[in-house]
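A.B. asks: Below are the structure tokens for one structure; questions will follow.
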Amino acid sequence: YLIESGRRRVATIAGPQDMPGGLERLQGYREMLAEHGIAYDERLVATGDYSRASGEACMQQLLAGKKKIDAVFVASDLMADGALAAIERAGLRVPDDIAVGGFDDSPAATAVHPPLTTIRQPWSR
């Protein structure tokens, strides 16, 4: 969705790389970049622990990097909440300057401002 909306410098805040969800969401990010002809760049990847605080810290790290970004895919809505706070504190606007996409379609997605674009993960019962 982020790439199809015209974003080309898409970073990610991945989940823990010792958990299947963290690994699979990072792999999905890499696959989407490849499908759209965008080179994977490790400098556009930060790894959090699914907490709001880690999302905020990771976003600060990405914003301080040498690569300018115009979007960020965040591996959980709670981390995306933290990312939104860091973006606002940096004086940037969502989605004008940086578009943000989360994952989980959790209550956090509608509690933040602006409301978060998120991916719903289907759960089998």
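The values are calculated or read from the model by the stated rules, or taken from the named source; none is laboratory data. Nothing here was measured: the structure is a model prediction, and the numbers come from that model. So basically every Cβ, Gly included, is an ideal-geometry build from the backbone, and we count neighbours across all protein chains shown. All accessible areas refer to the heavy atoms of the entire protein, side chains included, with ligands and DNA or RNA removed. Shrake-Rupley method; radii C 1.70, N 1.55, O 1.52, S 1.80 Å.
A.B. asks: Can you name the residue in the range 45-83 that is among the polar types (S, T, N, Q) and open to solvent by 10 Å² or more (accessible area, probe 1.4 Å) and is also nearest to Thr110 (Cα to Cα) among such residues? Full working, then the answer.
C.D. replies: Start the filter on the range 45-83 by keeping residues that are among the polar types (S, T, N, Q), which leaves 47, 51, 54, 60-61, 76.
Remaining after also requiring open to solvent by 10 Å² or more (accessible area, probe 1.4 Å): 47, 51, 54, 60-61.
Values: Thr47: 23, Ser51: 17, Ser54: 20, Gln60: 22, Gln61: 25 Å.
Among residues in the range 45-83 that are among the polar types (S, T, N, Q) and open to solvent by 10 Å² or more (accessible area, probe 1.4 Å), the one nearest to Thr110 (Cα to Cα) is Ser51.
A.B. asks: So, one more: Any idea which of (1) out of contact with any strand residue (DSSP E or B) (no Cβ under 9 Å at 6 or more places or on another chain); (2) touching a residue at least 24 places away in the same chain (Cβ under 8 Å); (3) in a loop (DSSP other than H, G, I, E, B) is the one Ala86 doesn't satisfy?
C.D. replies: (3)
A.B. asks: Okay, next question. Quickly run through the range 4-23 and pick out the residues that are in a loop (DSSP other than H, G, I, E, B) and crowded, with 17+ Cβ neighbours inside 10 Å. Please lay out each step first, then the result.
C.D. replies: Looking only at the range 4-23, we keep the residues that are in a loop (DSSP other than H, G, I, E, B), and these are 4-9, 15-19.
Selection gives Arg7, Gly15.
A.B. asks: Taking the residues in the range 84-110 that are small (Gly, Ala, Ser) and over 13 Å from Val10 (Cβ atoms) as candidates, determine which candidate is surrounded by the fewest Cβ atoms within 10 Å (Cβ to Cβ).
C.D. replies: Step by step, filter the range 84-110, then rank; the result is Gly91.
A.B. asks: Run down Glu56, Glu4, Glu24 and say which single residue is more than 14 Å from Ile119 (Cβ to Cβ) and charged (D, E, K, R).
C.D. replies: Numbers: Glu4 fails: more than 14 Å from Ile119 (Cβ to Cβ); Glu24 fails: more than 14 Å from Ile119 (Cβ to Cβ).
Glu56 is the lone residue from the list that is more than 14 Å from Ile119 (Cβ to Cβ) and charged (D, E, K, R).
A.B. asks: For the range 28-77, enumerate the residues that are among the aromatic types (Phe, Trp, Tyr) and either assigned to a helix (DSSP H, G or I) or modelled with pLDDT under 95 (or both).
C.D. replies: Listed by number, the list holds a single entry, Tyr29.
A.B. asks: Hey, among Asp49, Asp77, Asp70, Asp81, which residue is at negative phi and touching a Pro at 6+ places or on another chain (Cβ under 7 Å)?
C.D. replies: Values: Asp77 fails: touching a Pro at 6+ places or on another chain (Cβ under 7 Å); Asp70 fails: touching a Pro at 6+ places or on another chain (Cβ under 7 Å); Asp81 fails: touching a Pro at 6+ places or on another chain (Cβ under 7 Å).
Asp49 is the lone residue from the list that is at negative phi and touching a Pro at 6+ places or on another chain (Cβ under 7 Å).
A.B. asks: Given the conditions (1) free of Cβ contacts under 8 Å to residues at least 24 places away in the same chain; (2) over 14 Å from Phe103 (Cβ atoms); (3) touching a strand residue (DSSP E or B) at 6+ places or on another chain (Cβ under 9 Å), report the number of the one that Val45 does not fulfil.
C.D. replies: Failing condition for Val45: (1).
A.B. asks: Within the set of pairs 6 or more residues apart or between chains, which connect a residue that is modelled with pLDDT of 70 or more inside the range 106-122 to a residue that is aromatic (Phe, Trp, Tyr) with Cβ atoms less than 6 Å apart?
C.D. replies: As it stands, the answer is Ile119/Phe103, since those pairs meet every condition given.
A.B. asks: Please specify each residue of the range 101-115 satisfying the condition of being out of contact with any Ser or Thr (no Cβ under 7 Å at 6 or more places or on another chain) and either closer than 12 Å to Leu2 by Cβ or assigned to a helix (DSSP H, G or I) (or both). Steps first, answer last, please.
C.D. replies: Just the residues of the range 101-115 that are out of contact with any Ser or Thr (no Cβ under 7 Å at 6 or more places or on another chain), to begin with: 106-108, 110-115.
Scanning the range 101-115 gives Pro107, Ala108, Thr110, Ala111.
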